[in-house]
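Note sheet for the following structure.
The values are calculated or read from the model by the stated rules, or taken from the named source; none is laboratory data. Since we're looking at a predicted model, the values are computed, not measured. Note that we place each Cβ from the backbone using ideal geometry, even for glycine, and neighbour counts take in every protein chain shown. With ligands, DNA and RNA removed, areas are computed over all heavy atoms of the protein, side chains included. Shrake-Rupley method; radii C 1.70, N 1.55, O 1.52, S 1.80 Å.
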Amino acid sequence: MSGGAEARPQGAGKRRPVIAVIGSGEGVDEGTLALAGTVGRLLAQRGATLVTGGRGGIMEAASHGASEAGGLVVGVLPGTDAGDANAYVDVAIPTGLGFAMRNVITIRMADAVIMISGEVGTLAEAVLAYQHGKPLVAVASTGGWAERLRTAALEDGRYLDGRRLMEIGYADTADEAVEAAFARIGTVPRPGKL
(Lines give C-alpha, C1' and ligand atoms only; values in the text may rest on other atoms or scores of the structure.)
Protein backbone atom coordinates (compact mmCIF):
# COMPACT_ATOMS: atom_id res chain seq x y z
CA MET A 1 0.00 0.00 0.00
CA SER A 2 1.19 3.52 -0.63
CA GLY A 3 2.10 6.11 1.98
CA GLY A 4 3.38 3.53 4.46
CA ALA A 5 -0.09 2.37 5.41
CA GLU A 6 -0.21 -1.27 6.40
CA ALA A 7 -2.72 -3.65 4.93
CA ARG A 8 -5.54 -4.57 7.29
CA PRO A 9 -5.66 -8.22 8.27
CA GLN A 10 -8.27 -10.24 6.42
CA GLY A 11 -11.58 -9.93 8.25
CA ALA A 12 -10.51 -6.82 10.15
CA GLY A 13 -13.38 -4.52 10.92
CA LYS A 14 -15.91 -7.33 10.92
CA ARG A 15 -17.40 -7.83 14.34
CA ARG A 16 -18.34 -11.36 15.31
CA PRO A 17 -21.88 -11.86 16.54
CA VAL A 18 -21.98 -12.22 20.32
CA ILE A 19 -24.54 -14.65 21.67
CA ALA A 20 -25.19 -15.19 25.36
CA VAL A 21 -26.21 -18.55 26.76
CA ILE A 22 -28.00 -18.29 30.10
CA GLY A 23 -29.14 -21.07 32.40
CA SER A 24 -28.80 -22.84 35.71
CA GLY A 25 -25.41 -22.95 37.36
CA GLU A 26 -26.06 -26.19 39.21
CA GLY A 27 -28.45 -29.13 39.52
CA VAL A 28 -28.78 -29.64 35.75
CA ASP A 29 -29.42 -33.10 34.27
CA GLU A 30 -26.95 -34.64 31.82
CA GLY A 31 -29.29 -34.36 28.82
CA THR A 32 -29.70 -30.62 29.33
CA LEU A 33 -25.96 -30.18 29.81
CA ALA A 34 -25.37 -32.10 26.57
CA LEU A 35 -27.82 -29.79 24.75
CA ALA A 36 -26.01 -26.74 26.15
CA GLY A 37 -22.71 -28.18 24.92
CA THR A 38 -24.20 -28.64 21.47
CA VAL A 39 -25.47 -25.04 21.48
CA GLY A 40 -21.97 -23.83 22.33
CA ARG A 41 -20.43 -25.95 19.58
CA LEU A 42 -22.92 -24.75 16.97
CA LEU A 43 -22.39 -21.12 17.94
CA ALA A 44 -18.63 -21.49 17.56
CA GLN A 45 -18.98 -23.27 14.23
CA ARG A 46 -21.03 -20.32 12.95
CA GLY A 47 -18.38 -17.83 14.10
CA ALA A 48 -20.12 -16.36 17.13
CA THR A 49 -18.42 -15.30 20.32
CA LEU A 50 -20.09 -17.04 23.26
CA VAL A 51 -20.69 -15.01 26.42
CA THR A 52 -21.91 -16.61 29.65
CA GLY A 53 -21.77 -15.96 33.37
CA GLY A 54 -18.52 -17.93 33.27
CA ARG A 55 -19.24 -20.46 35.98
CA GLY A 56 -20.68 -24.01 36.15
CA GLY A 57 -23.73 -25.89 34.91
CA ILE A 58 -25.24 -24.62 31.65
CA MET A 59 -22.54 -21.92 31.41
CA GLU A 60 -19.71 -24.45 31.62
CA ALA A 61 -21.35 -26.94 29.26
CA ALA A 62 -21.92 -24.29 26.57
CA SER A 63 -18.38 -22.99 27.10
CA HIS A 64 -16.98 -26.51 26.74
CA GLY A 65 -18.81 -27.06 23.46
CA ALA A 66 -17.70 -23.73 22.03
CA SER A 67 -14.10 -24.24 23.17
CA GLU A 68 -13.88 -27.70 21.60
CA ALA A 69 -15.10 -26.21 18.31
CA GLY A 70 -12.43 -23.49 18.43
CA GLY A 71 -14.75 -20.67 19.46
CA LEU A 72 -14.04 -17.64 21.61
CA VAL A 73 -15.62 -17.88 25.07
CA VAL A 74 -16.12 -14.87 27.34
CA GLY A 75 -17.13 -15.34 30.98
CA VAL A 76 -18.56 -12.39 32.89
CA LEU A 77 -18.00 -13.23 36.55
CA PRO A 78 -19.82 -11.83 39.57
CA GLY A 79 -16.73 -11.84 41.79
CA THR A 80 -13.25 -10.35 41.65
CA ASP A 81 -11.25 -13.51 40.90
CA ALA A 82 -10.74 -14.53 37.27
CA GLY A 83 -9.79 -17.96 38.63
CA ASP A 84 -13.47 -18.57 39.39
CA ALA A 85 -14.16 -18.98 35.68
CA ASN A 86 -14.76 -22.46 34.32
CA ALA A 87 -11.85 -24.10 32.50
CA TYR A 88 -13.23 -23.30 29.02
CA VAL A 89 -13.40 -19.50 29.34
CA ASP A 90 -10.86 -17.70 27.15
CA VAL A 91 -11.57 -14.20 28.45
CA ALA A 92 -12.65 -13.90 32.08
CA ILE A 93 -14.10 -10.58 33.19
CA PRO A 94 -14.12 -10.46 37.01
CA THR A 95 -16.59 -7.64 37.60
CA GLY A 96 -16.73 -7.67 41.39
CA LEU A 97 -20.31 -6.44 41.00
CA GLY A 98 -22.27 -9.47 42.20
CA PHE A 99 -24.78 -11.51 40.26
CA ALA A 100 -27.36 -8.83 39.48
CA MET A 101 -24.94 -6.41 37.81
CA ARG A 102 -22.98 -9.26 36.21
CA ASN A 103 -26.24 -10.28 34.54
CA VAL A 104 -26.73 -6.78 33.13
CA ILE A 105 -23.25 -6.83 31.60
CA THR A 106 -23.74 -10.32 30.14
CA ILE A 107 -27.02 -9.34 28.49
CA ARG A 108 -25.80 -5.94 27.27
CA MET A 109 -22.81 -7.60 25.57
CA ALA A 110 -25.03 -9.94 23.57
CA ASP A 111 -26.62 -9.55 20.15
CA ALA A 112 -29.01 -12.40 21.04
CA VAL A 113 -29.66 -14.63 24.07
CA ILE A 114 -30.36 -18.35 24.30
CA MET A 115 -32.06 -19.47 27.54
CA ILE A 116 -31.59 -23.09 28.61
CA SER A 117 -33.56 -24.36 31.63
CA GLY A 118 -32.92 -21.93 34.48
CA GLU A 119 -34.06 -20.82 37.88
CA VAL A 120 -34.83 -17.32 39.17
CA GLY A 121 -31.41 -15.89 38.24
CA THR A 122 -31.93 -17.03 34.66
CA LEU A 123 -35.42 -15.54 34.71
CA ALA A 124 -33.88 -12.22 35.79
CA GLU A 125 -31.52 -12.40 32.80
CA ALA A 126 -34.46 -13.13 30.48
CA VAL A 127 -36.27 -10.04 31.79
CA LEU A 128 -33.10 -7.99 31.20
CA ALA A 129 -32.93 -9.29 27.62
CA TYR A 130 -36.54 -8.19 27.13
CA GLN A 131 -35.96 -4.76 28.66
CA HIS A 132 -32.76 -4.15 26.68
CA GLY A 133 -34.13 -5.32 23.32
CA LYS A 134 -31.94 -8.40 23.03
CA PRO A 135 -33.62 -11.19 21.03
CA LEU A 136 -34.39 -14.07 23.40
CA VAL A 137 -34.82 -17.72 22.42
CA ALA A 138 -35.97 -20.04 25.21
CA VAL A 139 -35.25 -23.75 24.73
CA ALA A 140 -38.58 -24.86 26.20
CA SER A 141 -37.72 -28.59 26.06
CA THR A 142 -35.09 -28.10 28.79
CA GLY A 143 -37.57 -27.27 31.56
CA GLY A 144 -37.09 -24.65 34.24
CA TRP A 145 -37.96 -21.07 33.34
CA ALA A 146 -37.17 -21.74 29.69
CA GLU A 147 -40.28 -23.92 29.65
CA ARG A 148 -42.41 -21.98 32.16
CA LEU A 149 -41.85 -18.70 30.36
CA ARG A 150 -44.29 -19.75 27.64
CA THR A 151 -47.17 -20.04 30.10
CA ALA A 152 -45.98 -17.31 32.46
CA ALA A 153 -45.48 -14.66 29.78
CA LEU A 154 -48.27 -12.17 30.32
CA GLU A 155 -49.22 -11.43 26.73
CA ASP A 156 -50.08 -14.39 24.47
CA GLY A 157 -47.12 -16.43 25.72
CA ARG A 158 -44.83 -14.22 23.64
CA TYR A 159 -44.40 -10.92 25.50
CA LEU A 160 -43.58 -10.04 29.09
CA ASP A 161 -45.82 -6.99 29.24
CA GLY A 162 -48.45 -5.02 27.39
CA ARG A 163 -45.85 -2.85 25.64
CA ARG A 164 -44.89 -5.89 23.52
CA LEU A 165 -41.28 -4.74 23.34
CA MET A 166 -39.97 -7.99 21.93
CA GLU A 167 -41.49 -11.31 21.02
CA ILE A 168 -39.87 -14.19 22.87
CA GLY A 169 -38.81 -17.03 20.58
CA TYR A 170 -39.04 -20.69 21.54
CA ALA A 171 -37.08 -23.73 20.40
CA ASP A 172 -36.93 -27.39 21.34
CA THR A 173 -33.50 -28.37 20.00
CA ALA A 174 -30.00 -26.92 19.97
CA ASP A 175 -30.15 -26.50 16.18
CA GLU A 176 -33.46 -24.62 16.36
CA ALA A 177 -32.18 -22.36 19.15
CA VAL A 178 -28.98 -21.39 17.35
CA GLU A 179 -30.76 -20.85 14.04
CA ALA A 180 -33.41 -18.67 15.71
CA ALA A 181 -30.80 -16.64 17.63
CA PHE A 182 -28.83 -15.85 14.48
CA ALA A 183 -31.99 -15.09 12.50
CA ARG A 184 -33.18 -12.60 15.12
CA ILE A 185 -29.96 -10.58 15.48
CA GLY A 186 -30.72 -6.98 14.55
CA THR A 187 -34.48 -7.51 14.29
CA VAL A 188 -35.52 -6.08 17.64
CA PRO A 189 -35.66 -2.28 17.93
CA ARG A 190 -33.55 -0.91 20.75
CA PRO A 191 -35.70 0.51 23.53
CA GLY A 192 -35.81 4.30 23.78
CA LYS A 193 -35.41 4.30 27.56
CA LEU A 194 -33.59 1.84 29.78
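Counting only protein heavy atoms and a 1.4 Å probe, segment 94-194 has 46 square angstrom of accessible area per residue.
Counting only whole DSSP H helices of the chain, there are none at least 20 Å long by C-alpha along their axis and with mean Kyte-Doolittle hydropathy no lower than 1.6. Surface composition of segment 68-177: carbon plus sulfur atoms hold 52% of the accessible area, using a 1.4 angstrom probe and ignoring ligands, DNA and RNA. Considering only beta bridges that DSSP places wholly inside the chain, some 5 percent are antiparallel.
The accessible-area ordering, largest first, of the residues Val91, Val18 stands as Val91, Val18, per a 1.4 angstrom probe.
With R₀ set to 30 Å, the beta-carbon distance separating Arg190 from Arg150 gives a calculated FRET efficiency near 0.75. For Arg15 and Asp172, the FRET efficiency from 1/(1 + (r/R0)^6), where r spans their Cβ atoms and R0 equals 35 Å, is about 0.70. In the elastic network of the chain, a GNM with C-alpha springs shorter than 10 Å, the most mobile of Gly133, Gly144, Gly31 is Gly31. Length gained on full extension, Ala82 to Asp29: 16.4 nm, using 0.36 nm per residue less the C-alpha separation.
From the alpha carbon centroid of segment 107-166 to that of segment 23-70 is 18 Å.
For segment 70-170, the calculated P(r), taken from all Cα-Cα distances in 5 Å bins from zero up to the bin holding the longest distance, is 3, 13, 21, 22, 19, 12, 7, 3, 0 percent.
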